[in-house]
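Student: First the structure, which I've put down as structure tokens, then a few questions once you've had a look.
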Amino acid sequence: MLHHEYHRLLEALSELNPAQIEDAQTKLLDLRRKTEAISEIEARAKQGAKCPFCGDDQRQKWGRTRTKIQRYRCSGCKKTYSGRTGSAIARIHRPDLFMVALRDMLGASAPKSVRELARHLGIDKQTIWRWRMLVFSIIDSGSAAIFSGIVEADETYQRESRKGSREWVRHFADPQNVPMPARPRWEDYTTKGLKMMRGLSRWQLPILTVADRGGARRFQRLSNRKGATLERAMKPLVPSDAVLCSDGANGYASLAAKRGIEHFVVGSKAGTRVAAGCHHIQNVNSLHARYKAFIKPFCGPATKNLNGYIRWLEVRLSGMKPAEVIRAS
Ligand SMILES: [Zn+2]
């Protein structure tokens, strides 16, 4: 909007009646939500006022980009840039819709499916999928949860998935040069009558979950089910003065013994679930339940993306705001 038109609008505002003011306020709030992403992006440029190309801090305002973000021109190298130049969200055409998708990912209710969200926003499902993967890459930096006091630990499992993998297709297309993949397709268990293993097979991937009573929570993929792997993963998480509660698996027991950590072992059967007083692993068990509920609608995400999904749940539980994701990109 042109400068003088804008001023005329502001002047006209004083003639509104109370009902119209209320109406206009709702409208403005709605617009404010739509441009929240842009406000966040501009705030980034205001903080670190340095050229992303040469690091010069001298610049002048240089109009707005097509997505209505403030553009600057560097006085040193004469290149133009905005708050998102060089960031992970630099090439998003619709920051407003991206913000809606982000709000859906981090909101209190269960996230919509990719297709549902695409239909809702009127854009292609591939775009939503790419945005989701983009958010995964932004939040990937890993949680910095620090544990203290009574620390509970346990593992949950996720079936390995090669969803979207072309390995069998490639093998059938060129059986001479492409060897047969190591793992049968799940459908082979029914069509070829392969024997399905009961319980934990090597295709069940362990995920370590740790929680303390202060609300710190962590999910971490383990490469295998060996005690040594578990011990190595737990080592940096549990301080020496903590009290560890677990199901007594080898990794936990030997870590506690080596570091002199007080260790309470709880059983899985009714009546043995609480070792003494407040020593139980019911917080991690409820985390497992939340994990299962969260992951179920995705029908077994591809294992190559599993870390992203785990981190996504962690971020949801931590109550991270969409604006923080934009700032971290
Ligand atoms: Zn520059």
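Student: So, Cys77, is that one crowded, with 16+ Cβ neighbours inside 10 Å, within 16 Å of the ligand (Cβ to nearest atom) and more than 29 Å from Leu313 (Cα to Cα) or not?
Tutor: It is false that Cys77 is crowded, with 16+ Cβ neighbours inside 10 Å, within 16 Å of the ligand (Cβ to nearest atom) and more than 29 Å from Leu313 (Cα to Cα).
Student: Out of Gly86, Gly63, Gly55, which single residue is touching a Phe, Trp or Tyr at 6+ places or on another chain (Cβ under 9 Å), surrounded by fewer than 15 Cβ atoms within 10 Å (Cβ to Cβ) and of a type outside the set (S, T, N, Q)?
Tutor: Only one candidate qualifies: Gly86.
Student: How many of the residues in segment 124-144 are of a type in the set (S, T, N, Q) and either loosely packed, with under 11 Cβ neighbours inside 10 Å or at positive phi (or both)?
Tutor: Looking only at that region, the number is 2.
Student: Taking only pairs six or more apart or across chains, which ones have beta-carbon atoms under 8 Å, a first residue in segment 36-56 that is not assigned by TED's automatic domain parsing to the domain that holds Thr80, and a second residue that is more than 16 Å from the ligand (Cβ to nearest atom)?
Tutor: none
Student: Considering only residues that are assigned to a loop (DSSP other than H, G, I, E, B), over 19 Å from the mean Cα position of the chain (by Cα) and not hydrophobic (A, V, I, L, M, F, W, C), which ones fall in segment 94-124?
Tutor: Hits for segment 94-124 are Arg94, Gly122, Asp124.
Student: Being within 16 Å of the ligand (Cβ to nearest atom) and either assigned to a helix (DSSP H, G or I) or of a type in the set (D, E, K, R) (or both) is true for just one of Arg71, Arg91. Which residue is that?
Tutor: Result of the check over Arg71, Arg91: Arg71.
Student: Which members of segment 34-52 meet the condition of being more than 16 Å from the ligand (Cβ to nearest atom) and not in a helix (DSSP H, G or I)?
Tutor: Passing the criteria: only Thr35.
Student: Run Arg162 past the list (1) within 21 Å of Ala323 (Cα to Cα); (2) of a type in the set (Lys, Arg); (3) not in a helix (DSSP H, G or I) and report the number of the one that doesn't hold.
Tutor: Of everything listed in (1) within 21 Å of Ala323 (Cα to Cα); (2) of a type in the set (Lys, Arg); (3) not in a helix (DSSP H, G or I), Arg162 misses just condition (1).
Student: Moving on to the next point. Give segment 53-68 a look and list any residue that's of a type outside the set (Lys, Arg) and more than 8 Å from the ligand (Cβ to nearest atom), or say none.
Tutor: Matches in segment 53-68: Asp57, Gln58, Gln60, Trp62, Gly63, Thr65, Thr67.
Student: Among the listed residues Leu31, Leu16, which satisfies the condition of being part of a helix (DSSP H, G or I) and not β-branched (Val, Ile, Thr)?
Tutor: One residue alone meets the criteria, Leu31.
The values are calculated or read from the model by the stated rules, or taken from the named source; none is laboratory data. Since we're looking at a predicted model, the values are computed, not measured. With ideal geometry, Cβ positions are generated from the backbone for all residues, glycine too; neighbour counts draw on all protein chains shown.
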